[in-house]
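The values are calculated or read from the model by the stated rules, or taken from the named source; none is laboratory data. None of these values were measured; they are calculated from a predicted model. No Cβ is skipped: glycine too gets one built from the backbone with ideal geometry, and neighbour counts run over all protein chains shown. Note: accessible area is taken over every heavy atom of the protein model, side chains too, but ligands, DNA and RNA are not part of it. Shrake-Rupley method; radii C 1.70, N 1.55, O 1.52, S 1.80 Å.
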Amino acid sequence: MSSSSNNNNLSCSHLSELRSLNGPHPFHSSIPLTRSTSHVFKCRTCKHSPHALNRLYVCVTCADMYCTFHAQLHAADFADSSHSIGVDVDRVELYCCFCKDQVYDKEFDAAVIVSAAAGGSPGSTLKRRRVEYAPWEPGQVEKDLIVENSSRLSGECSFPWGLRGLNNLGNTCFMNSVLQALIHTAPLRNYFLSDKHNRYVCKKNRNGVVSMKDDESINMKKNMFCLACELDAMFSVAFSGGSSPFTPAKFLYSWWQHASNLASYEQQDAHEFFISILDGVHEKLQMNKGKPQSLVSSDCCIAHKVFSGILRSDVMCTACGFTSTTYDPCVDISLDLEPNKGASAKTSKKAKQNSGNIDLSQNCRVATLLGCLDRFTRPERLGSDQKFFCQQCKVRQESLKQMSIRKLPMVSCFHIKRFEHSSFRKMTRKVDSYLQFPFSLDLTPYLSSSILKSRFGNRMFYFDGTESDAPNEFSSEFELFAVITHTGKLDAGHYVTYLRLSNQWYKCDDAWITQVSDNVVRASQGYMMFYVQKTFHYKASESSAGS
């Protein structure tokens, strides 16, 4: 690769001295210009392979390969700067051993790009076809139908449309809190209110299923109850125009048929109830369609279409750098509370007492949702008892594991692990630490594409033939619209939901609905947070304009 001596793109004096010493051809002809996965590189001195904690560099003068430590020793063996520049074999970037930093050179970067385009990964030049958004407006025929078949709802209510209380049937606050969040989940609401699942048609189809075998009586009984139909009925009642609380007794009974092991009037966990509801809706709709469905397929049920995303798990061998990648669907993300340095339960109590003027940044560090997500996606070294079998080393090796989000759902649910179970002490305790969560959330730093970019540098080549991990159909910007809180102990606590409607917060405490300020929500003890894509988030101005 040739280069002119008056290159004005040099970023360090050592690279400039190297060009003056080696003339128009400063780089060795055998240095790598593309990433390779078929060959295992090792340091010439210590024989270590590259990994996240130790990178390998090829000297541009002699083409010898060294780790970070021995590359600096190799450069120091020469009086001049002739061996001070190396090429990172993983990132394909220039590195100065004296400056201890990446070095940018315009002509070297251009050569790398040309090499990648000519002999690099064929999948790196492929791009997904962009589908332009085409707005739809109703024609004159549709407008006439709307005018002829619409009527103004009777009665006036100070609360937004669809906001109604739910009567407690006896320790059923866990159910009421989750139902309030589901009823006001925009994509789920639009699905049921547009009659995509008609409970009358579904009931007729279920009544047509006949089975004569005695051993199938239990399945026939379960088939008579459909959680999707009960959700459809819930949406119809909630958005019927009434304002008085209603009782979800039939929904509770249908859920008992689905989860018979939880059929009691004892307090249940709201998170377990949420997962059980989604599984019940998925199971019933799958049974009605008569074919298996995947959580990530295009024809999956509405519950998983709204809440399901994909997590990516990378386990990397620390000996050779081999990485094993797996993808798992998820309907929520459970997060451990960030270590609370200097803050305690007293912080939460003080914040609640002074909800009108909260300042959480003075003299203490509180746990934050962003900190929990950072810990969730941070590489962690697995213990010696968790060694995984490396396909390249053919033995069990110590490894690094890193999680990331490959595909975002329409609605992201974050579950905070506030209940710690100890099998040794045979007890369960509640974690009352305060958690700070934002109203607007950008999940870009936690996507697989961002994690891979930080791992491999600014120049990424998708050498494994896959996409640029992960084609997200939606943006990564979310808005908080529901918070489920838990107060008290595990066996004697209470669940409350805060809903954000028309940019105003409301507290849903079973049958009681009250308007609250932003600070009250911020000071609450969040247990489950629901974030919706900004595409489906309607601001106050938009809502008032349509009313």
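For the reader, a short list of remarks on this structure follows.
- Filter pass, Leu499 being surrounded by 20 or more Cβ atoms within 10 Å (Cβ to Cβ), in contact with a Lys or Arg (Cβ under 9 Å, 6 or more places away or on another chain) and either at pLDDT below 95 or part of a strand (DSSP E or B) (or both): yes
- The single residue among Asp88, Asp144 that is modelled with pLDDT of 80 or more and open to solvent by 20 Å² or more (accessible area, probe 1.4 Å) turns out to be Asp144.
Conditions (1) over 25 Å from Ser158 (Cβ atoms); (2) among the aliphatic types (A, V, I, L, M); (3) not in a loop (DSSP other than H, G, I, E, B), marked per residue:
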{"residue": "Ala233", "(1), (2), (3)": "yes, yes, yes"}
{"residue": "Ser240", "(1), (2), (3)": "no, no, no"}
{"residue": "Tyr253", "(1), (2), (3)": "yes, no, yes"}
{"residue": "Asn261", "(1), (2), (3)": "yes, no, yes"}
{"residue": "Gln267", "(1), (2), (3)": "yes, no, no"}
{"residue": "Ser276", "(1), (2), (3)": "yes, no, yes"}
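- If the condition is being farther than 18 Å from Ile310 by Cα and either free of Cβ contacts under 8 Å to residues at least 12 places away in the same chain or surrounded by fewer than 19 Cβ atoms within 10 Å (Cβ to Cβ) (or both), then the stretch 398-415 contributes Glu398, Leu400.
- Against the list (1) open to solvent by 50 Å² or more (accessible area, probe 1.4 Å); (2) at pLDDT 90 or above; (3) in a helix (DSSP H, G or I); (4) not aromatic (Phe, Trp, Tyr), the condition Asn168 fails is (3).
- All of Ala345, Ala319, Ala351 fail the test of being modelled with pLDDT of 80 or more and either open to solvent by 30 Å² or more (accessible area, probe 1.4 Å) or on the phi < 0 side of the Ramachandran plot (or both), apart from Ala319.
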